[in-house]
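The structure appears right after this line, and notes come after that.
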Amino acid sequence: RSQEAAAAGAALNERQTEIARAVGVQRPELIRVAGVDSLPLPEEAALRKQIESDKIEMLGFVKDDAALRALYIGAKAFIMANDEDFGLVTAEAQACGTPAIAYSAGGSIEIIDPHTTGMLFHDQTVESLSEAIEACERVRFDRKVISERAKRFSVDAFEKGIRDAVNALTELGH
């Protein structure tokens with residue numbers, strides 16, 4: 001496993017930018033930030049200037065599925081500092097067996113099982129995220145368990161849930 005962490009965010013706000021920069025300075029690992037090229041070019045350039053350093057690499061939007069999987073698989077952990085409604089990106093990382101460290105809001109609350117599939121942090125502060133990263137480092141995660149647990153968010157599981165719901169409603173109507 002490489003000594004790097006992956007982070008993602010569709011549009012990092014000023015506070016999240018501060019957190020990413022501060023945590024990046026404190027950590028020995030390379031932090032690779034993906035998923036920010038949805039920003040207009042001037043804003044993306046400004047964000048890169050604020051965050052990029054010798055320990056933080058801005059990747060932009062990773063369009064290739066194989067490259068994205070390789071990023072997740074190669075990461076020591078995945079960090080989601082945003083409040084993501086469903087938590088799709090976190091579920092994708094976990095499908096690759098990567099433990100996730102996420103802000104305790106939105107879909108992350110349902111997706112992450114602390115100490116089993118990752119860690120949650122409760123305040124969008126450098127201290128809170130740093131504590132979650134340190135807690136994550138003390139846990140020996142089983143990547144197969146993480147990947148297995150993520151299957152509940154797969155297309156097959158979703159389709160089965162819809163079929164089961166339709167069948168249950170059809171049976172009630174008879």
When N is the residue count of the stretch 78-152, what does its C-alpha Rg come to as a fraction of 2.2 N^0.38 Å? 0.97
Burial order of peptide ranges 94-103, 129-138, 147-156 (average beta-carbon count within 10 Å, highest first): 94-103, 129-138, 147-156
When ligands, DNA and RNA are left out and all protein chains stay put, how many square angstrom of accessible area per residue does the stretch 81-127 have with a 1.4 Å probe? 39
Sequence-distant aspartates and glutamates (8 or more away, or on other chains) whose Cα lies within less than 17 Å of K49: E14, E18, D37, E57
Given R₀ = 45 Å, FRET efficiency for K151-T125 by Cβ-Cβ distance, to 0.05? 0.85
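The values are calculated or read from the model by the stated rules, or taken from the named source; none is laboratory data. Predicted model only: the values in this text are computed from it and were never measured. When we count neighbours, we look across all protein chains shown, and the Cβ atoms used for this are built from the backbone with ideal geometry, even at glycine. For the accessible areas, the whole protein counts, side chains as well, though only heavy atoms, and no ligand, DNA or RNA atoms are used. Shrake-Rupley method; radii C 1.70, N 1.55, O 1.52, S 1.80 Å.
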